[in-house]
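Here the structure comes first, spelled out in structure tokens, and everything after it is commentary.
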Amino acid sequence: MQIFKWNEILEALEKGSQIPYFAPGTGISVGSFDGLHQGHRKLLSSLVQGCKENQLIPGVLTFSRPLPSIKHSGDYMGDLSTLAQRVELFASLGIDFVILVDFDDSFASMMGSDFLKILANVCNMNLLAEGIDFRCGYKGATDTQAIRYWANENNVDCIFVDPVYYKEGTEEEERISSSYIRSMIQKGFFTTASELLERPYQLDLYSFRQSGYITQILPPDGIYRTLSEKGESVRLEIINRGIKSLPECNRLNF
């Protein structure tokens, strides 16, 4: 897995230079990808398949923290996964590189066409894969129609993937999203969360120790029996939306 910082991309742009890694051509998907749920997996599967058919390198551009944690910090309850977990999951899904962005005012104020042009010129992007309602650029002004027009003018192929829906016990369908899965974790509905994530919900205690604070969403206060990365049963007590005593293991599966 190759990891590039957005600043590296901008430095190459300023110098008018190329990054050799991207020379064969790339396919890219942009997003927060928190949790990497069924919808994300469908999208990235389409990206990887499209890259395979066109002999391109599949990659993602993502953010050091999911965007809702920045844009809706007042009522945001926590991430589904840490950056380290997301990178591991990207690799397991066939993604070869990650471009990591620290979201700031400069990035937020960029026009969508300028953003796409950087990906095409510096990252040699030949394919863009996104959800059907994807938007980019300043205030999300560049929608899929504008992206299709830009891509056609710049010889970039596009894949737009429809949402994935979930039906639980009733005839009503719920669109699978990171926010919906967060609400399941908050209620302690781990079976539903695991089904939508296609893996157990997991706390990254190693990242917690490294940073000194936990960014992931926690279930309701209570005592839980979890499993460590070695499959050992671990007692975990959550009180006042925090972990009472930190177990010795690095990962906990609910």
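State whether one or more residues within the stretch 53-61 are under 26 Å from Ala141 (Cα atoms), part of a strand (DSSP E or B) and in contact with a Lys or Arg (Cβ under 7 Å, 6 or more places away or on another chain).
no
Can you name every residue in the stretch 3-30 that is surrounded by fewer than 18 Cβ atoms within 10 Å (Cβ to Cβ), among the small types (Gly, Ala, Ser) and touching a Leu at 6+ places or on another chain (Cβ under 8 Å)?
The one that is surrounded by fewer than 18 Cβ atoms within 10 Å (Cβ to Cβ), among the small types (Gly, Ala, Ser) and touching a Leu at 6+ places or on another chain (Cβ under 8 Å): Gly25.
Within the stretch 102-116, track down each residue that is open to solvent by 50 Å² or more (accessible area, probe 1.4 Å), in contact with a strand residue (DSSP E or B) (Cβ under 9 Å, 6 or more places away or on another chain) and without any contact (Cβ under 8 Å) to a residue 60 or more places away in the chain. Quick ask: steps written out before the conclusion?
First, the residues of the stretch 102-116 that are open to solvent by 50 Å² or more (accessible area, probe 1.4 Å): 102-106, 109, 111, 113-114.
Remaining after also requiring in contact with a strand residue (DSSP E or B) (Cβ under 9 Å, 6 or more places away or on another chain): 102-103, 111, 113.
Passing the criteria: Phe103, Met111, Ser113.
Is it fair to say Ile223 is part of a helix (DSSP H, G or I) and either at pLDDT 95 or above or open to solvent by 50 Å² or more (accessible area, probe 1.4 Å) (or both)?
The answer is no for Ile223.
Would you be able to tell me the number of residues in the stretch 81-120 that are in a loop (DSSP other than H, G, I, E, B), closer than 19 Å to Asn253 by Cα and either in contact with a helix residue (DSSP H, G or I) (Cβ under 6 Å, 6 or more places away or on another chain) or at pLDDT below 95 (or both)? Lay out the reasoning, then the answer.
Keep residues of the stretch 81-120 that are in a loop (DSSP other than H, G, I, E, B), which gives 81-82, 93-96, 102-104, 109-111.
With the extra rule that they be closer than 19 Å to Asn253 by Cα, the set shrinks to 81-82.
Restricting the remaining residues to those that are either in contact with a helix residue (DSSP H, G or I) (Cβ under 6 Å, 6 or more places away or on another chain) or at pLDDT below 95 (or both) gives 82.
Within the stretch 81-120, residues that are in a loop (DSSP other than H, G, I, E, B), closer than 19 Å to Asn253 by Cα and either in contact with a helix residue (DSSP H, G or I) (Cβ under 6 Å, 6 or more places away or on another chain) or at pLDDT below 95 (or both) number 1.
Counting only residues that are in contact (Cβ under 8 Å) with a residue 40 or more places away in the chain and in a loop (DSSP other than H, G, I, E, B), how many does the stretch 226-254 have?
So the answer is 5.
Before we move on, is Asp102 of a type in the set (Asp, Glu) and within 14 Å of Leu10 (Cβ to Cβ)? Please lay out each step first, then the result.
On the way: of a type in the set (Asp, Glu): yes; within 14 Å of Leu10 (Cβ to Cβ): yes.
Taking the combined requirement at face value, the residue satisfies it.
Starting from residues that are without any contact (Cβ under 8 Å) to a residue 12 or more places away in the chain and open to solvent by 90 Å² or more (accessible area, probe 1.4 Å), keep the ones in the stretch 196-214 and report whichever is nearest to Phe90 (Cα to Cα).
Applying the filter and picking the extreme gives Gln210.
So how many residues does the stretch 41-59 have that are over 15 Å from the mean Cα position of the chain (by Cα) and open to solvent by less than 20 Å² (accessible area, probe 1.4 Å)?
Residues that pass the stated criteria total 2.
The values are calculated or read from the model by the stated rules, or taken from the named source; none is laboratory data. This structure is a prediction, so every number in the text was calculated from the model and none was measured. Virtual Cβ from ideal backbone geometry, glycine too; neighbours counted across all protein chains shown. Please note that ligands, DNA and RNA were not included when accessible areas were found on the heavy atoms of the full protein model with its side chains. Shrake-Rupley method; radii C 1.70, N 1.55, O 1.52, S 1.80 Å.
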